[in-house]
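Asker: Have a look at the structure that comes next, please.
The values are calculated or read from the model by the stated rules, or taken from the named source; none is laboratory data. Note that this is a predicted model, so its numbers are computed, not measured. Cβ placement follows ideal geometry from the backbone for every residue including glycine, while neighbour counts extend to all protein chains displayed.
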Amino acid sequence: MTYSMIARCTETGAFGGIIGTSAMAVGNRCLRVSHGKGAFLSQHRTDPRLGDRGIALLDNGLSAEDAVARVVKGTPDIEWRQLAALDAAGRAAVHHGRRMYSIYTHSVGQDCVAVGNILANDRVTDAMVAAHEAASGAPLEERLLRGLEAGRDAGGEILEPVRSSALRVTAPDGVDRCDLRVDLAEEAVSALRGLYIAHGDQEAVLRQVALEPESVPVMRALFERSMERIFELGLEERFPTAQRRESWVLRD
């Protein structure tokens, strides 16, 4: 009931991943990424701890094959799980547990791997990789989105529409370039595309707020309304902002 992809950008060192499933809130469970180090997926009766373990191994310099092998060896219920890893060199590795009863596949491309389970057919992950590679030159986020959309269009999951989805791409300063999640929607792939479009120019602002908060002016409307409320409630002594208004840089 899940199809996903992890990939890397050889120019920037960014790693990214995208995932969709019919269950809610997939974004916090399955996908782990680390800038310059790798990406790890854990899905099918998901145990989020496996992703944590896998990305820690990649962070320590293990290959994708060794990271997957270590997680497989150390997990009692591993036959219920589906794993995928992509390491710093762009090498991929996967594990398909023998307790998966459905159509499940994986497809490896240039610096990417797609995996899926409970699929409508055996062409879904091939379509994802093909779409990702066809978008060569586009931002990693866009390439991943096209991969997920291609997986949906190729048949996707066998029974239900995708209800939740997530997209994440790293950056070198530790603040992800993109971390978007649709936790519950009628059709989460389209909803994720809409969220990515809305994210648009906000990326630079959000990064500036995180890394250089002093350089970001305060929105005038928020500042003025805050001053009004402080005075309305008689809280001037507790919140003396109005006494030093000149120290705030405002923007309309």
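Asker: When the residues of region 123-157 are narrowed to those that are of a type in the set (A, V, I, L, M) and touching a strand residue (DSSP E or B) at 6+ places or on another chain (Cβ under 6 Å), which ends up surrounded by the fewest Cβ atoms within 10 Å (Cβ to Cβ)?
Answerer: Residues of region 123-157 that are of a type in the set (A, V, I, L, M), as a first pass: 124, 127-131, 134-135, 138, 140, 144-145, 148, 150, 154.
Of the ones still in play, those that are also touching a strand residue (DSSP E or B) at 6+ places or on another chain (Cβ under 6 Å) are 124, 128-129, 140, 144, 148.
Numbers: VAL124: 26, MET128: 32, VAL129: 22, LEU140: 26, LEU144: 31, LEU148: 28.
The residue in question is VAL129.
Asker: Right, next: Which pairs have Cβ atoms under 7 Å, sit 6 or more apart or on different chains, and link a residue in region 214-240 that is surrounded by fewer than 11 Cβ atoms within 10 Å (Cβ to Cβ) to one that is of a type outside the set (Ser, Thr, Tyr)?
Answerer: SER215/GLN208
Asker: Answer yes or no: is there a residue in region 1-11 that is closer than 24 Å to GLU133 by Cβ, touching a His at 6+ places or on another chain (Cβ under 9 Å) and among the hydroxyl-bearing types (Ser, Thr, Tyr).
Answerer: Going through region 1-11, the residues closer than 24 Å to GLU133 by Cβ turn out to be 2-11.
Then drop every residue that is not touching a His at 6+ places or on another chain (Cβ under 9 Å), which leaves 2, 5, 7.
When the remaining residues are screened for being among the hydroxyl-bearing types (Ser, Thr, Tyr), the result is 2.
Checking region 1-11: at least one residue is closer than 24 Å to GLU133 by Cβ, touching a His at 6+ places or on another chain (Cβ under 9 Å) and among the hydroxyl-bearing types (Ser, Thr, Tyr).
Asker: So, in region 1-18, of the ones that are part of a strand (DSSP E or B) and small (Gly, Ala, Ser), which residue ends up nearest to HIS95 (Cα to Cα)?
Answerer: By that ranking, first place goes to SER4.
Asker: Mind checking which pairs have a first residue in region 12-36 that is assigned by TED's automatic domain parsing to the domain that holds VAL189 and on the phi < 0 side of the Ramachandran plot and a second that is surrounded by fewer than 20 Cβ atoms within 10 Å (Cβ to Cβ) and in a helix (DSSP H, G or I), Cβ under 7 Å, 6 or more apart or different chains?
Answerer: If the second residue must be surrounded by fewer than 20 Cβ atoms within 10 Å (Cβ to Cβ) and in a helix (DSSP H, G or I), the pairs left are ARG29/PRO48; ARG32/ASP52; SER34/ASP59.
Asker: Residue by residue through region 54-81, note down the ones that are surrounded by 16 or more Cβ atoms within 10 Å (Cβ to Cβ) and among the small types (Gly, Ala, Ser).
Answerer: Scanning region 54-81 gives GLY54, ALA56, SER63, ALA64, ALA67, ALA69.
Asker: Which residue is nearest to ARG152 (Cα to Cα), if the candidates are limited to region 19-71 and must be of a type in the set (Val, Ile, Thr), in contact with a Leu (Cβ under 9 Å, 6 or more places away or on another chain) and part of a helix (DSSP H, G or I)?
Answerer: If we take residues in region 19-71 being of a type in the set (Val, Ile, Thr), in contact with a Leu (Cβ under 9 Å, 6 or more places away or on another chain) and part of a helix (DSSP H, G or I), then VAL68 is nearest to ARG152 (Cα to Cα).
Asker: For residues that are among the β-branched types (Val, Ile, Thr) and more than 13 Å from PHE15 (Cα to Cα), scanning just region 82-122, find the one that is surrounded by the most Cβ atoms within 10 Å (Cβ to Cβ).
Answerer: Across region 82-122, the extreme among qualifying residues is VAL115.
Asker: For the structure I just gave you, tell me whether ARG81 is out of contact with any strand residue (DSSP E or B) (no Cβ under 9 Å at 6 or more places or on another chain) and not hydroxyl-bearing (Ser, Thr, Tyr).
Answerer: Taking the combined requirement at face value, the residue does not satisfy it.
Asker: What are the pairs with Cβ atoms under 7 angstrom where one residue, in region 172-200, is buried (at least 19 other Cβ atoms within 10 Å of the Cβ) and the other, located anywhere, is assigned to a loop (DSSP other than H, G, I, E, B) and aliphatic (A, V, I, L, M)? Sequence gap at least six, or different chains.
Answerer: Listed pairs, sorted by first residue: ARG177/ALA14; ARG177/ALA171; ALA188/VAL162; VAL189/VAL162; ALA191/ALA185.
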